[in-house]
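Asks: The structure follows.
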Amino acid sequence: MQTHAHFLSQKLSEKGYEIQVLTYRFEDIENDRFYPFPVLRILSRLSFWNNISIIKKAAFDFNPDLIYSSTVFYGILEKELKIPVICRSVGNDVLRPWISYPFKWGKKILNLKLIEKKIYRLSKKLNHPEWVENFFIKSRFEVMRQSALNASHILANSHYTASLLEKIGVLKENIQTLPGGVDYKQFKNPYLNNSQRIKDLRIKLKIPENRLIFLTPCRMVKKKGVDFALNTAKKLKKILPQVFFLFLGDGKYQDQYIKKSLHLSLSDTVCFTGRIPFEKLNEYYWASDFLFFPSREEIHPKTGLKDVETMGRVLCEANAASLPVISSRTGGTPSIIEHGINGLLFEPENFDDFYTQLKRFLDSPQEKETMTKEGILRAKNFFDWDFIVQHHEKVFLSLIEK
């Protein structure tokens with residue numbers, strides 16, 4: 001279960017709502033027993049239209065007051081079931097719909113567990129072949145668009161995502177922007193202004209004690225701009241020899257980026273940790289000096305599909321952790337970071353602009369502290385799960401009352 005679905009369902013359950021979660025088969029089954037509500041792993045990763053049939057049957061048995069979908073793909077259920085369907089959109093569900101098989105014919109065959117498992121594993125092994133993406137792209141987009149148009153209401157994770165939804169025809173009054181999603185208490189910094197405890201934490205995490213640490217938590221994919229970050233590290237260490245870049249996360253390009261860092265002679269300047277368990281992430285934020293988020297827009301040269309940062313949850317986490325933010329101005333990042341208020345933004349892949357913003361922090365500790373404090377307030381009052389859930393409740397009640 002993804003971060004947003006995990007926290008939202010937990011919080012709603014704690015408030016007394018009766019919840020049933022439907023999600024994909026084959027993953028995280030061991031952890032499901034810890035949830036205080038049923039988690040039914042009955043959905044296929046391939047057969048979208050068979051999932052529609054499965055959800056309709058589950059809704060008939062459970063008799064819910066409303067349905068909540070983590071993407072816009074299931075908005076079409078509102079038309080089918082005459083039950084309010086609230087969708088969350090993270091933008092990428094609109095930009096590059098990942099509806100594996102968008103056709104009705106053959107839906108039952110693809111839902112067979114053995115066939116699904118073999119096809120899904122083969123697709124991952126072949127890194128989702130381009131010819132498959134090209135063949136399905138128009139049909140996937142049309143299914144996504146029709147589903148989004150039928151949804152009762154859509155909660156967009158940024159103004160950027162809201163604009164994408166309007167462009168495909170979703171009425172403005174059916175969209176609300178709701179960025180954020182962070183456990184403020186988990187990321188609240190207990191080491192603030194305590195240099196000795198921060199030093200001890202760095203020793204524990206095997207981070208250089210006396211360096212200027214730039215933290216980049218991300219998947220190792222192209223849109224995250226890790227290659228630009230490595231080039232930045234090369235240039236910056238000539239100006240500030242004490243800099244150190246810490247990359248948390250894994251992904252398909254990790255080995256390529258590690259090789260690039262060695263090619264640039266950055267073995268003493270960068271570190272790739274690989275994937276860090278979510279519950280341990282906060283300590284890396286507390287041990288760092290800056291969050292460096294160099295994300296950018298990527299457009300696939302053959303399919304034309306766009307991949308971009310539609311919000312940036314790590315920006316919310318950094319604000320909660322009292323970590324000064326320097327982020328690229330791309331996609332939905334301005335919905336989280338207001339330039340000069342709770343962080344600084346630079347033009348994507350522009351080292352000079354990045355360095356200008358860094359100098360602003362380095363030359364004005366007071367301004368850095370002011371922005372950090374504002375970030376803490378925004379994380380606590382607007383990005384925290386309690387606020388997110390309260391906003392969801394208002395939408396739920398307004399639709400049920402209709």
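The values are calculated or read from the model by the stated rules, or taken from the named source; none is laboratory data. These numbers come from a predicted model, not from an experiment. Cβ atoms come from the backbone with ideal geometry, glycine included; neighbour counts cover every protein chain shown.
Asks: Looking at (1) among the basic types (Lys, Arg); (2) within 17 Å of Phe292 (Cα to Cα); (3) assigned to a loop (DSSP other than H, G, I, E, B), find the lone condition where Lys237 falls short.
Replies: Evaluating Lys237 over (1) among the basic types (Lys, Arg); (2) within 17 Å of Phe292 (Cα to Cα); (3) assigned to a loop (DSSP other than H, G, I, E, B) leaves (3) as the failure.
Asks: Here are Leu149, Leu192, Leu212, Leu248: which of them is over 30 Å from Asn282 (Cα atoms) and touching a residue at least 12 places away in the same chain (Cβ under 8 Å)?
Replies: Answer to the check: Leu149.
Asks: Check off (1) surrounded by fewer than 16 Cβ atoms within 10 Å (Cβ to Cβ); (2) assigned to a helix (DSSP H, G or I) for Arg41 and give me the number that stays unchecked.
Replies: (2)
Asks: Say we look at the range 259-295 and pick out the residues that are of a type in the set (Val, Ile, Thr) and surrounded by fewer than 19 Cβ atoms within 10 Å (Cβ to Cβ); which of these is nearest to Lys237 (Cα to Cα)?
Replies: Filtering the range 259-295 for residues of a type in the set (Val, Ile, Thr) gives 269-270, 273, 276.
Going one step further and asking which of them are surrounded by fewer than 19 Cβ atoms within 10 Å (Cβ to Cβ), we end up with 273, 276.
Working: Thr273: 20, Ile276: 26 Å.
Looking at the filtered set, the residue picked out is Thr273.
Asks: Still on this structure, I have one more. If I ask for residues that are farther than 12 Å from Asp289 by Cα and either surrounded by fewer than 19 Cβ atoms within 10 Å (Cβ to Cβ) or out of contact with any Asp or Glu (no Cβ under 9 Å at 6 or more places or on another chain) (or both), which ones from the range 209-220 would you list?
Replies: Of all residues in the range 209-220, those farther than 12 Å from Asp289 by Cα come to 217-220.
Cys218, Arg219 - these are the residues of the range 209-220 that are farther than 12 Å from Asp289 by Cα and either surrounded by fewer than 19 Cβ atoms within 10 Å (Cβ to Cβ) or out of contact with any Asp or Glu (no Cβ under 9 Å at 6 or more places or on another chain) (or both).
Asks: Looking at the range 296-312 only, could you name the residues that are surrounded by fewer than 19 Cβ atoms within 10 Å (Cβ to Cβ) and at pLDDT 95 or above? Before the answer, list the steps.
Replies: Going through the range 296-312, the residues surrounded by fewer than 19 Cβ atoms within 10 Å (Cβ to Cβ) turn out to be 297-306.
Selection gives Glu297 alone.
Asks: Name the single residue, out of those in the range 78-97 being part of a loop (DSSP other than H, G, I, E, B) and free of Cβ contacts under 8 Å to residues at least 40 places away in the same chain, that is farthest from Val308 (Cα to Cα). Spell out how you get there, then give the answer.
Replies: Narrowing the range 78-97 to residues part of a loop (DSSP other than H, G, I, E, B): 82-84, 90-91, 96-97.
Those still in the list that are free of Cβ contacts under 8 Å to residues at least 40 places away in the same chain too: 82-83.
Details: Lys82: 34, Ile83: 32 Å.
So, considering only residues that are part of a loop (DSSP other than H, G, I, E, B) and free of Cβ contacts under 8 Å to residues at least 40 places away in the same chain, the one farthest from Val308 (Cα to Cα) is Lys82.
Asks: Name the helices (runs of 4 or more DSSP H) wholly inside the range 103-184 in which the number of residues that are in the same structural domain as Trp49 (by the TED database), more than 24 Å from the chain's Cα centre (by Cα) and farther than 26 Å from Leu81 by Cα is 2 or more.
Replies: On the way: elements: 107-111, 113-125, 130-150, 159-167.
Once the helices (runs of 4 or more DSSP H) in the range 103-184 are filtered for at least 2 residues that are in the same structural domain as Trp49 (by the TED database), more than 24 Å from the chain's Cα centre (by Cα) and farther than 26 Å from Leu81 by Cα, what remains is 113-125, 130-150.
Asks: Further question on the same structure: Only one of these is assigned to a loop (DSSP other than H, G, I, E, B), of a type in the set (S, T, N, Q), touching a residue at least 60 places away in the same chain (Cβ under 8 Å) and more than 30 Å from His6 (Cβ to Cβ): Thr303, Thr310. Name it.
Replies: Criteria check complete, one pass: Thr303.
Asks: Same structure, new question: Modelled with pLDDT of 95 or more and assigned to a loop (DSSP other than H, G, I, E, B): is that true of Leu323 in this structure? Spell out how you get there, then give the answer.
Replies: Details: modelled with pLDDT of 95 or more: yes; assigned to a loop (DSSP other than H, G, I, E, B): yes.
For Leu323, the condition - modelled with pLDDT of 95 or more and assigned to a loop (DSSP other than H, G, I, E, B) - is met.
Asks: From Lys188, Lys223, grab the single residue that is outside the structural domain of Ile76 (by the TED database), of a type in the set (Lys, Arg), within 19 Å of Phe293 (Cβ to Cβ) and surrounded by 16 or more Cβ atoms within 10 Å (Cβ to Cβ).
Replies: Working: Lys188 fails: within 19 Å of Phe293 (Cβ to Cβ).
One residue alone meets the criteria, Lys223.
Asks: Still on this model: Would you say Leu240 is under 21 Å from Ser327 (Cα atoms), surrounded by 16 or more Cβ atoms within 10 Å (Cβ to Cβ) and more than 26 Å from the chain's Cα centre (by Cα)?
Replies: Working: under 21 Å from Ser327 (Cα atoms): yes; surrounded by 16 or more Cβ atoms within 10 Å (Cβ to Cβ): no; more than 26 Å from the chain's Cα centre (by Cα): yes.
When the stated conditions are applied, Leu240 does not pass them.
Asks: A further question on this structure: Considering only residues of the range 11-33 that are more than 23 Å from the chain's Cα centre (by Cα) and among the acidic types (Asp, Glu), which is farthest from Leu66 (Cα to Cα)?
Replies: Across the range 11-33, the extreme among qualifying residues is Glu30.
Asks: Within the range 326-343, which residues are outside any loop (DSSP other than H, G, I, E, B) and either among the acidic types (Asp, Glu) or free of Cβ contacts under 8 Å to residues at least 24 places away in the same chain (or both)?
Replies: If the condition is that a residue be outside any loop (DSSP other than H, G, I, E, B) and either among the acidic types (Asp, Glu) or free of Cβ contacts under 8 Å to residues at least 24 places away in the same chain (or both), then His339 is the only one that fits.
Asks: Being among the charged types (D, E, K, R), out of contact with any helix residue (DSSP H, G or I) (no Cβ under 8 Å at 6 or more places or on another chain) and over 20 Å from Leu212 (Cβ atoms) is the filter here, so list the residues in the range 314-353 that pass it. Even if it seems obvious, please write down each step before you answer.
Replies: Narrowing the range 314-353 to residues among the charged types (D, E, K, R): 317, 329, 338, 347, 349, 352-353.
Filter again for out of contact with any helix residue (DSSP H, G or I) (no Cβ under 8 Å at 6 or more places or on another chain), leaving 329, 338, 352-353.
Of everything in the range 314-353, those that are among the charged types (D, E, K, R), out of contact with any helix residue (DSSP H, G or I) (no Cβ under 8 Å at 6 or more places or on another chain) and over 20 Å from Leu212 (Cβ atoms) turn out to be Arg329, Glu338.
Asks: Since Leu345 meets every condition but one in (1) under 21 Å from Tyr191 (Cβ atoms); (2) touching a His at 6+ places or on another chain (Cβ under 7 Å), which condition does it not meet?
Replies: All conditions pass for Leu345, except number (1).
Asks: OK, next. Restricting the search to the range 293-313, which residues are over 14 Å from the mean Cα position of the chain (by Cα) and among the hydrophobic types (A, V, I, L, M, F, W, C)?
Replies: First pass over the range 293-313, keeping only residues over 14 Å from the mean Cα position of the chain (by Cα): 294, 296-306.
Ile299, Leu305 - these are the residues of the range 293-313 that are over 14 Å from the mean Cα position of the chain (by Cα) and among the hydrophobic types (A, V, I, L, M, F, W, C).
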